[in-house]
Amino acid sequence: MAAEEVTLSGHIQHHLTNAKMCSTDTGLAFNKACTDSGFWTWHIDTLAWSIGLGLLFLWIFRSAAKKSTLGVPGKFQCFIEIIVEFVGDNVRDTFHGRSKLIAPLALTIFVWVFLMNLMDLIPVDFLPAFAGFVGETAFGMDSHDVYMKIVPTTDINMTSALALGVFILMIGYSIKIKGIGGFIKELTLHPFSSNNMLVQIILIPFNLLLELIALVSKPFSLALRLFGNLYAGELIFILIGAIGFMQLPLHFVWAVFHILVITLQAFLFMMLTIVYLSMASSDNH
């Protein structure tokens, strides 16, 4: 183990660093060689874990659908049905438009984000240490140069990508329901309006500024809320893990509390997505 990893700051920094891959003039580079590579740097651990957990979600629900029966359901089927009904009830109560996409989207968001958050309960040293062992034995790498962040939602790139997808859907639903002209009017003629044409024209820049801020702040709030809560929780796990063997009782206590955070953040991301899409689908003006 490298000397700088002995310090608490080195330990924390190592656990909060993503495994990176980038393209340079000499070919593909990894980790420390990607420091100055710019925008096109891939966080391969975030991509691998998020895609893997997405496939796990699909496999679990496909298995439940294949094994479903009209008779007395098993425990597994009951559990899946509870999740589906829970999401469906929230969609019916919150989304006031008509779309066959919203319920599957809400279910995907809730379960996928929950699974990504759930990775936070795995001891922080376990999988990174295993990745370092594999890198050292199989590839002759220094274990300190092998990085592995297993919680995708502690990566601002991942939460921003999720929020950007919701933002694109918001714009799409607004244009679909209101038309391009209606969408532009919504941005320029509200919240301030007047029956006087000249006054209304003068108010357009102020309305546009306020509406654009309100519109853009929605994906920002989605991304930062999820990232901030999970990043803080992961940091506490890392600090607990730094104290050695005595971490186990503290790890258990924080993990029990963190289960609520994990579930709540997945639920909030789902609910805010439904609310934003419902607002985008409304044609009240």
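Judged by a Cβ-Cβ distance under 4.7 Å, the unpaired cysteines of the chain are Cys78. Please tell me the relative contact order of the chain in percent, rounded to the nearest whole number, where contacts are Cα pairs under 8 Å and at least six residues apart. Across the chain, relative contact order equals 25 percent. The Kirkwood radius of the range 84-124, taken over pairs of alpha-carbon atoms, gives through the Stokes-Einstein law at 37 °C and 0.692 mPa s a diffusion coefficient of 287 µm² s⁻¹.
Overall, the chain carries a charge dipole of about 1200 debye about its Cα centre when +1 sits on the Cβ of Lys and Arg and -1 on the Cβ of Asp and Glu, all other atoms neutral.
Fully extending the segment from Val253 to Leu16 would add 83.1 nm, taking 0.36 nm per residue of separation and subtracting the current Cα-Cα distance. When each of the peptides 121-134, 100-113 is scored by the mean number of other C-beta atoms lying within 10 Å of its residues, the order from highest to lowest reads 100-113, 121-134.
Note on the range 233-283: Cα-Cα pairs beyond 13 Å make up 66% of the total pair count.
Arranged from fewest to most other beta-carbon atoms within 10 Å of their beta carbon, Ser9, Ser99, Ser221 become Ser9, Ser221, Ser99. Report the calculated FRET efficiency for Val199 and Asp89 (r = Cβ-Cβ distance, R0 = 35 Å), to the nearest 0.05. It comes out at approximately 0.20.
Sorted into 10 angstrom bins from 0, the C-alpha pair distances of the range 160-204 split as 26, 35, 28, 10, 1 percent. For the peptides 72-83, 182-193, the ranking by mean Cβ contacts within 10 Å, running from highest to lowest, is 182-193, 72-83.
No lab work stands behind these numbers, since they all come straight from the coordinates. Everything numeric here is computed off the predicted structure, so don't read it as measured data. A quick note on method: Cβ atoms are made from the backbone with ideal geometry, for glycine too, and the neighbour counts reach across all protein chains shown.
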